[in-house]
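The values are calculated or read from the model by the stated rules, or taken from the named source; none is laboratory data. Quantities reported herein were computed from a predicted structural model and do not represent experimental measurements. Neighbour counts are summed over all protein chains in view; Cβ atoms, including those assigned to glycine, are modelled from backbone coordinates with ideal geometry. We work out accessible area using only protein heavy atoms, side chains counted, and drop any ligands, DNA or RNA first. Shrake-Rupley method; radii C 1.70, N 1.55, O 1.52, S 1.80 Å.
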Amino acid sequence: MKKSARLFAVAALVATAGIAFAMDGSVGVVKERQDLMGSNGASMKILGDMVKSGTIDAAAATAALTTLQTNAQQIPVVFETNDLTPPTKAKPEIWTDFEGFKTKAAALEAAATAALAGAMDAAALGAAMGALGGSCQGCHEAFRL
């Protein structure tokens with residue numbers, strides 16, 4: 001139970017950060033990136049709220065996981081351009097280790113794909129949130145200010 005609570009806390013932090021990430025008045029490719037990450041944060045919040053409540057809406061969970069899966073495929077695309085225009089939260093390491101960055105995005109896609117293939121109950125979704133939150137956290141720790 002303690003592990004589930006910690007994983008939920010990580011997912012909630014990632015979701016909150018993602019939503020705040022897109023609200024800072026950015027423009028251009030930075031705004032595009034932040035909008036994508038904000039969408040990920042919103043999806044994580046939906047999933048986290050379901051896990052926390054123990055009530056799973058399979059259609060909403062599927063939609064949120066599909067969003068994460070699709071967005072994960074787009075993460076390397078929206079970061080192809082090395083743009084560190086403020087107020088970006090991107091670290092320069094994204095472009096000095098772009099292969100590592102793409103690997104982190106692929107981990108998010110894999111976690112979302114695995115969750116979509118699994119059962120849509122509280123236990124399965126809770127376990128999936130661990131992998132999803134871990135992939136978000138790992139990327140943020142390495143590549144986000």
(message) Suppose accessible area is computed on protein heavy atoms with a 1.4 Å probe; arrange I56, I46 from highest to lowest.
(response) I46, I56
(message) Students often forget the sequence filter, so: which aspartates and glutamates lie under 19 Å Cα-Cα from K45 once same-chain residues fewer than 8 apart are removed?
(response) D35, D57, E109, D121
(message) Give me, ordered by chain and number, the residues 5 or more places off A90 or on other chains with an amide H under 5 Å from its own placed amide H.
(response) L145
(request) Return, for the Cα atoms of the range 93-145, the radius of gyration and Dmax in Å, separated by a comma. (result) 12.6, 40
(request) For the range 89-145, give the magnitude of the charge dipole about the Cα centre (Cβ charges: +1 Lys/Arg, -1 Asp/Glu; no others), in debye to the nearest 20. (result) 180 debye
(request) Might you tell me the accessible area per residue for the range 16-145, computed with a 1.4 Å probe and given in Å²? (result) 47 Å²
(request) Distance check, please: which entries in K52/K104; K31/K102; K52/K102 exceed 23 angstrom between their Cα atoms? (result) K52/K104; K52/K102
(request) Just tell me which aspartates and glutamates come within less than 12 Å, Cα to Cα, of K91; anything on the same chain fewer than 8 places away is out. (result) D83, E141
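Which order, highest average first, do 99-111, 60-72 follow once you tally other Cβ atoms within 10 Å for each residue and take the mean per peptide?
Ranking the peptides 99-111, 60-72 by packing returns 60-72, 99-111.
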